[in-house]
Amino acid sequence: MTTNVAAPVTEGLKTLLADSYALMGQTHLAHWNVEGSDFFQLHTAFQGQYEELFTAIDEIAERLRALDSLAPGGLATLAKHSEIEELSVDSHPAKDYVAHLVEGHELVVSHAQALRHAAEEAGDLETQDLVIARIQVHQKTLWMLRSFLKNR
């Protein structure tokens, strides 16, 4: 793969890495601060989600390294590469945490779909496979989070 062909793929992977890191942080925030009658259910669900994201972040970074690109790191650097907004540390109703995470997962899916296309264009089936798996995880999480929000 030439550098010119790989650039959209590696830049897309860097965005996916940053988005995943930001979403993990926001999921952790929700896990720590959610309150109310749904506390136990959401606290447990959020933990599973941020743990899954932690594993995914490492896989994404390792794919960047396999493509001979450095993986970005550090909170400030990753924050600059992600469009995921941070929720304030104020107390929020449980449904607001869930709705915020829905927005984050939707953004990740959108960016991941663009990366999937770039990997296809570059003939990078390995990255495409990784990204398709990530999209599936985020779509499943979206289904679950949206299901929680129904009739609320």
Probe 1.4 Å - accessible area at Arg152, Å² to nearest ten: 140 Å²
Set Lys and Arg Cβ to +1 and Asp and Glu Cβ to -1, take the dipole of the chain about its Cα centre, and tell me which of His81, Ala22, Ser37 lies farthest positive. Ser37
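Rolling a 1.4 Å sphere over the protein heavy atoms, what is the accessible area per residue of the chain, to the nearest Å²? Spell out each step's value before the answer.
Details: 8420 Å² over 152 residues.
Spelled out: the 1.4 Å probe surface of the chain, per residue, equals 55 Å².
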Length gain on complete extension for the stretch Glu126 to Leu149, per 0.36 nm per residue less the alpha carbon to alpha carbon distance? 4.8 nm
Between helix 39-66 and the chain: long-axis angle, C-alpha atoms, 0 to 90°, nearest 10: 10 degrees
Compute the FRET efficiency between Val89 and Ala7 as 1/(1 + (r/R0)^6), taking r as their Cβ-Cβ distance and R0 = 41 Å, and round to the nearest 0.05. 0.65
Exposed GluC sites (Glu not before Pro) being those in a DSSP loop with at most 14 other Cβ atoms within 10 Å, the longest stretch of the chain free of them is 87-152
For the Cα atoms of the chain, what angle does the longest principal axis make with the long axis of helix 3-33, in degrees from 0 to 90, nearest 10? 10 degrees
Rounded to 10°, Cα long-axis angle of helix 125-149 versus longest principal axis of the chain: 10 degrees
Out of the total accessible area of the chain (probe 1.4 Å, heavy atoms of protein only), what percent is carbon and sulfur? 53 percent
Lysine pair number, Cα distance threshold 20 Å (strictly under), the chain, separation 8 or more or different chains: 4
Distance-filtered residues of the stretch 4-44 - backbone nitrogen under 20 Å, label point 7 angstrom along Glu106 Cα→Cβ: 16, 19-28, 30
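The values are calculated or read from the model by the stated rules, or taken from the named source; none is laboratory data. All values derive from a computational prediction rather than experimental measurement. Note that each Cβ is placed from the backbone with ideal geometry, even for glycine, and that neighbours are counted across all protein chains shown. Heads up: the accessible areas ignore ligands, DNA and RNA and are worked out on the full protein's heavy atoms, side chains in. Shrake-Rupley method; radii C 1.70, N 1.55, O 1.52, S 1.80 Å.
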